[in-house]
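In what follows, a structure is listed as structure tokens, so that the remarks can point back to it.
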Amino acid sequence: MTSAEPRRPDPEALLAEVGGSGRGRLKVFLGMAPGVGKTYAMLREARRRKAEGLDVLVGVVETHGRRETESLLRNLDVLARKPLDYKGRTLLEFDIDAALEKRPDLLLVDEYAHSNAPGSRHPKRWQDVEELLAAGIDVWTTLNVQHLESLVDVVWKITGVRQRETVPDSALARADDIELIDITPGELRQRMAEGKVYLAETAKVAAERFFKPENLTALRELALRRAAQTVDDQLMGAMKRAGVEGPWAAGERILVLVGGAPVASALVRAGRRLSDMMMDAPWIVAHVEQPNRPAPDPAAAQRLNEALKLAEQLGASTVVLTGDDIVSTVLDYSGRNNITQIVVGRSPTSRLRALFGRSLPQALLDRSAGAALHVVTETAPEPARPAPALSPLHALRQWRGYVGAFAFVALATLVSAAVDRLSNQSANLAMVYLLSVLATGIAFGLWPAVAAAALAALSYNFFFLEPRLTMYIGHAADVLTFGVFFLVALATGWLTGRVRDQARATSRRASAVTSLLQASRRLSGAAKKEDAAKGLAEQLAAASGRKAIILLPADGDIVASAGAPMLEPLSTADMAAARWAWERGEAAGRGTGTLPNAGWTFRPLQGVKARSGVAGIEAGEGADSDERFVLALLDQGAVALERAEFAAEAADAEALRRSDRLRSALLNSISHDLRTPLSTVLGSTTTLLEYGDKLAKPVRRDLLDSIREEAERLNRYVGDLLDMTRLEGGALEPRAEPTDVREVLDAAVERVSRRLGARTLERDFAGQLSLVSADAGLLEQAVANILENAVSYSGDGSRIEVAAYEDPDEVVIAIEDQGRGIPKADLERVFDKFRRLDQPTDRGKGAGLGLSIAKGFIEAMGGRIAAVSPVTATGGTRMLISLPKAVRTHAFLL
Amino acid sequence: MSAHRPRILVVDDEPQIHRFLGPALDAGGYEPVRADNATDALREIARKPPDAVVLDLGLPDMDGKEALAKARAFYDGPIIILSARDRETEKIDALDLGADDYVEKPFGVGELLARLRVALRHRLLREGAEPVIRSGEVEIDLVMRRVSRSGEPVRLSPKEYDLLARLAEGGGKVLTHRQLLTAVWGPAHEHDVQYLRVFVGQIRQKLEADPATPTVILTEPGVGYRFGA
């Protein structure tokens, strides 16, 4: 790590320190091999701490039946193990939940590298420890150096044993203290001889080999070195924090090139060791993708993925470069990133390629300038990792090409036999065979085409070159024919196959790009969070060929919000994994380090500002799922969800602004509608008081009239406000009684008659009318409001018509005026509260509450109200009130 | 009735206001002219400038403030604003725009006519350019820059004098905080209302018989001050 300005504390180092507070402290008892006494030392130390008054809890300790160790366990609190059923057996595992609940000051968790039983929360014990530390609990644990991930290859070379239970180096690097439990190899062998080291009978032979003195010496050196290195690291960290100038400014940067070859993981480990040697120099693991080469086979892709995953575990940053020419792509990248060390592998394939050209290391060596080159020639297969079993479907797909090649050649043979019988020109039959090779190439690609070429050449020889039905070639000319045919067939197959493979690859990339574009368009078009979630779920399901689900946050938890092909409830275990992904911002569930037994894989949707949700994909077989495509989709989805959320917030703000505007309109209305009548009353009375004797009698009379009118207006307005309050407060309880509409209409007309002025009012509701179910008082108020409105909005001399008629189930009241009518756009809003306030010219005609109160009353009684306008060519408004008929009791009354 | 009855233009869209204001103005010795909206009012002012205008801020065709600004372009007679109390800021804006005074709705005609008289007198005062202004016992000589109370000279600081003179020149017109601050302290201090409180307090200590019930400088709460002419 370069430090540009010495003596200034590195902010990141300080941050790491700050981030560390609140976390528990981790102490690792490190040993070179089993039996050195790590657990013993840990327990002894723990007893001392307990005696000092610390709350010590033994989470899990393996005594392996050693009496000395067991005796130390006495007087210590030991956590009960949790039984886990696995394939009919009951395994006793460390109970992390109980430990979290008890929250001891210090927790002992033996065997850091232990693999948990399937079904546990984490596959590895070191992950349990990580969670405990994060919860603020101090943890002590034990570890043998051979379990360290970066040392697996080295240990394998030393001892011939490949460790399956490994701990990433970063897990050891997190330790705050490391105590090295060191005894000499001789002592250890002595203890073994005395039976103090537990060995299972079956493992004895292997163990004998493992515990050879030279192995132990090498392991001891590894352990000592690693312990020393950790001390170094801590010293360096302390110096950085203190801003002390140090020796770390080496400026080394390491680039590790990996591909799908089996050596990939070994390369990554080599990179880590190199980085360690160079005082934690930054190291990058890169893979070069060649767009014009056929996709690597699944096994190679799997190895590559594992290597990249391992690189991240070991603390490297990973990068995928694109370019057809590996060498120039790599050199370009390393030039731009100041790479000083390049680690590259030499696998058997590149040796084969060396026949045609130079190997990759050689080419890099020739053209690289400045960077040192490390070539790892390890060719070891990796038996420890079980190869992914090919599914029957996949195997079939692989074999289909060869079966097809065989079928095409067989068909060519049949056709040739027929042609041969008719014409007897065997040279032309070669063309038929070539056709079959061509067809295979087009249909199945490179390698089936090459196979078809070979098969065609052999068949041609066997069936049609004299002597027939032998592999022997009689004529010298036929040898030439055969030779030329074989080469032509091979070339044909090779070329068509390659062309077809490349076309496939191109179209696959194109379709991936197209889908991504489509997804992007669809997601960016989603205005609402639910739409974005639904869209994302569908795109994910389409891309992965499996079920997908989106969980969005709600009330501090997350809930399944969208799914494809449909939203299905998650099991408790799956939900736990989803919550983990949400809370920690890490992938959880199948195929990850957390709750891998869940049926789904959950990934957090990380937006630009915050986490916007969790996406889950069901585990299992599916169509070709392109991991990177899925990840790209998740990124887009997260951003789309975030955007939808922002849009919703903006809409909320807008709604708030609108309701603010309504509130100020209400205030304006009240101030205007109350104060104007009051002004008139006050103004008229003071005029009368001050100048009463100077005014003519008709003037005085007019002022008194205006006082009364305005007082009435005020009363109506207060009544309106009270009605509105009753409606909104839900205090309105209409009594539904059989009511005669005609009586109500008469009363309402009577109420407004004094305000009619020069307008005429006609009633048209003679004859029989059924009783309606209504509250007479409320109905009268509603009709009066509509009539008031009609009076306000129609001129002098116009006519207002009140009619009532019967439908089969309802009685309809129609009130029509000859005013200017209501614009179409406003018909919907005419019943809104304070609608009138938008139009200053309508002031003085009421608060704009009348119609909205009428609507409220009518609907409270189970009726409907609607406005129709214009009624005639010149305008006019017709208000229609429909009321349900009363239950037919009136037949008895009559 | 005197030969000259001052013409008062009343601008309000409420017919009820005209209904009582018309007879009241008539009885008070004025000639009321009615306008129901801002357009009519502006046309009337242009046609035959009235002696004073009573302007409602809530008009159907135009915002009252806008009408005021337009009228001020060609009319400098007194304009009295009718406003509702909840539109405090509108009221202050109107005063800043050049209105002379305001009356809050609902109002008694007595109050309106009194404000009208002050505004008309102030206008005459301005035209006469009287050098000595009186308020009760207090006399302000604008030419000599001298202030006396009951004949005794009173010592005012330059800023105190500027502030008092500015108010006195306004006659009984309401001057907003901003107008006073800009005139005396400059535009940079137009929001420093606390200056006014301090200086008005000091002037009252020196001039008022009882500073708790002032008569020379009257407070218009939340709006400004006026001179008690």
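Quick notes on this structure:
- Stokes-Einstein D (µm²/s) once Rh is taken as the Kirkwood radius of the range A:628-747 over alpha-carbon pairs, at 4 °C in 1.567 mPa s: 63 µm²/s
- Centre separation in Å (Cα based) which lies between the range B:1-67 and the range A:98-127: 89 Å
- Using a simple spin-label model with pseudo-atoms 7 Å out from Cα toward Cβ, residue A:134 and residue B:141 lie 8.9 nm apart.
- Counting only Cα atoms, the range A:464-575 measures 88, 32, 18 Å along its principal axes, largest extent leading.
- For chain B, the membrane-span-like helix rule (DSSP H, alpha carbon extent of at least 20 Å along the helix axis, mean Kyte-Doolittle at least 1.0) picks out no helix; this says nothing about an actual membrane.
- Full-stretch length increase - residue B:149, residue B:212 - with 0.36 nm per residue and alpha-carbon distance subtracted: 20.9 nm
- R0 of 51 Å, Cβ-Cβ distance residue A:711-residue A:97: FRET efficiency to nearest 0.05: 0.10
- In terms of overall dimensions, the range B:70-175 has a Cα radius of gyration and Dmax of 15.9, 46 angstrom.
- Set of aspartates and glutamates near residue A:529 by C-alpha distance (under 12 Å), chain-local residues within fewer than 8 positions excluded: A:642, A:645, A:649
- Listing B:226, A:763 from fewest to most neighbouring C-beta atoms within 10 Å gives A:763, B:226.
- Pairs exceeding 24 Å between alpha-carbon atoms, taken from A:124/A:534; B:105/B:159; B:91/B:173: A:124/A:534; B:105/B:159.
- Counting DSSP beta bridges with both ends in chain B, the antiparallel % (nearest 5): 50 percent
- Taking a ≥ b ≥ c as the square roots of the eigenvalues of the alpha carbon gyration tensor, the range B:7-127 is rounded, as a/c is under 1.5.
- Mean sequence separation of contacting Cα pairs (under 8 Å, at least six apart), scaled by the length of the range B:66-205, corresponds to a relative contact order of 18 percent.
- Among A:431, A:471, A:861, the ranking by other beta carbons within 10 Å of each residue's beta carbon, starting with the fewest, stands as A:471, A:431, A:861.
- Arranged from fewest to most other beta-carbon atoms within 10 Å of their beta carbon, A:770, B:157, A:416 become B:157, A:770, A:416.
- Segment residue A:792-residue A:47, extension gain: residue separation times 0.36 nm, minus the distance between their alpha carbons: 258.8 nm
- Across the range B:130-227, the fraction of Cα-Cα pairs farther apart than 21 Å, rounded to a whole number, is 25%.
- The range A:99-197: proportion of alpha-carbon pairs further apart than 18 angstrom, %: 57 percent
- Inter-label distance for residue A:524 and residue A:190, nm, one decimal - labels placed 7 Å from Cα along Cα-to-Cβ: 7.5 nm
- Under the Debye formula (equal points on every Cα, no solvent term), log10 I(q)/I(0) of the protein assembly as shown at q = 0.10 Å⁻¹: -1.25
- In nm, spacing of pseudo-spin labels at residue B:197 and residue A:477 (7 Å Cα→C-beta vector): 12.4 nm
- Debye intensity ratio in log₁₀ form over the Cα atoms of the range A:700-833, taken at each q of 0.09, 0.11, 0.16 Å⁻¹: -0.32, -0.49, -1.02
We did not get these values from a lab; they are worked out from the coordinates using the rules stated. Quick caveat, the model's predicted, so the values are computed rather than measured. All Cβ positions, glycine included, derive from the backbone under ideal geometry; neighbour counts span all protein chains shown.
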